[in-house]
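The values are calculated or read from the model by the stated rules, or taken from the named source; none is laboratory data. All figures in this text were calculated on a predicted structure; none of them were measured in a lab. Heads up, the Cβs are rebuilt from the backbone with ideal geometry, glycines too, and the neighbour counts pull from every protein chain shown.
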Amino acid sequence: MRVVFDTNTVVSALLFGGSLAWLVDHWRSRISVPLVSRATADEFLRTLQYPKFGLSTADIESYVARYLPLAERTEVDETALSIPECRDPKDRPFLALALAGHADVLVTGDDDLLSLGGAVPFQIETPAQYAKRF
């Protein structure tokens, strides 16, 4: 299964655990293949540097090492894709990645992305919906 996890889902699983802690082992097990593009990886790195998280460089490197090496890097040319209109333009890279990477599922808690279910050739699910698959 090819999956795009939005940044909030990845950061929540790595930093806060809780109900999303299982995703870290899920990624390691290779049950699914997380997809990343340059844009989504850059956003992940930027997010880890937010002052509110108070992460050191070593912490950031540790979190990066727990996710990015497990992900398949996908080249995305947005001009070659028919991406549906999204209320939040910051969500566009995740839609583009899912399309370019032939994802089966995009996992997100973002209402703007969730509202596009049925308008794209892949499922859009909350982390809880995705967890029910396993």
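Table for the structure above
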item: Which numbered condition ALA128 fails, given (1) in a loop (DSSP other than H, G, I, E, B); (2) out of contact with any strand residue (DSSP E or B) (no Cβ under 7 Å at 6 or more places or on another chain); (3) closer than 23 Å to ARG28 by Cβ; (4) not polar (S, T, N, Q); result: (1)
item: Every residue from region 27-62 that is of a type outside the set (A, V, I, L, M, F, W, C) and either under 16 Å from VAL3 (Cα atoms) or in contact with a strand residue (DSSP E or B) (Cβ under 9 Å, 6 or more places away or on another chain) (or both); result: ARG28, SER29, ARG30, SER32, PRO34, SER37, ARG38, THR40
item: Looking only at region 108-118, and only at residues there that are in a helix (DSSP H, G or I) and in contact (Cβ under 8 Å) with a residue 24 or more places away in the chain, the one that is nearest to VAL3 (Cα to Cα); result: LEU113
item: Test for ASP91: is it at pLDDT 90 or above, among the charged types (D, E, K, R), in contact with a strand residue (DSSP E or B) (Cβ under 8 Å, 6 or more places away or on another chain) and within 27 Å of TRP22 (Cβ to Cβ); result: no
item: Identity of the residue in region 1-50, among the charged types (D, E, K, R) and within 23 Å of ARG92 (Cβ to Cβ), that ends up surrounded by the fewest Cβ atoms within 10 Å (Cβ to Cβ); result: ARG46
item: Selection from region 66-107 of residues that are touching a Phe, Trp or Tyr at 6+ places or on another chain (Cβ under 7 Å) and either part of a helix (DSSP H, G or I) or hydroxyl-bearing (Ser, Thr, Tyr) (or both); result: TYR67, LEU70, ALA98
item: Hey, TYR67 at negative phi, in contact with a Leu (Cβ under 9 Å, 6 or more places away or on another chain), at pLDDT 95 or above and not hydrophobic (A, V, I, L, M, F, W, C) or not; result: yes
item: Residues being closer than 19 Å to LEU20 by Cβ and either in contact with a Phe, Trp or Tyr (Cβ under 8 Å, 6 or more places away or on another chain) or without any contact (Cβ under 8 Å) to a residue 60 or more places away in the chain (or both) - total across region 119-132; result: 7
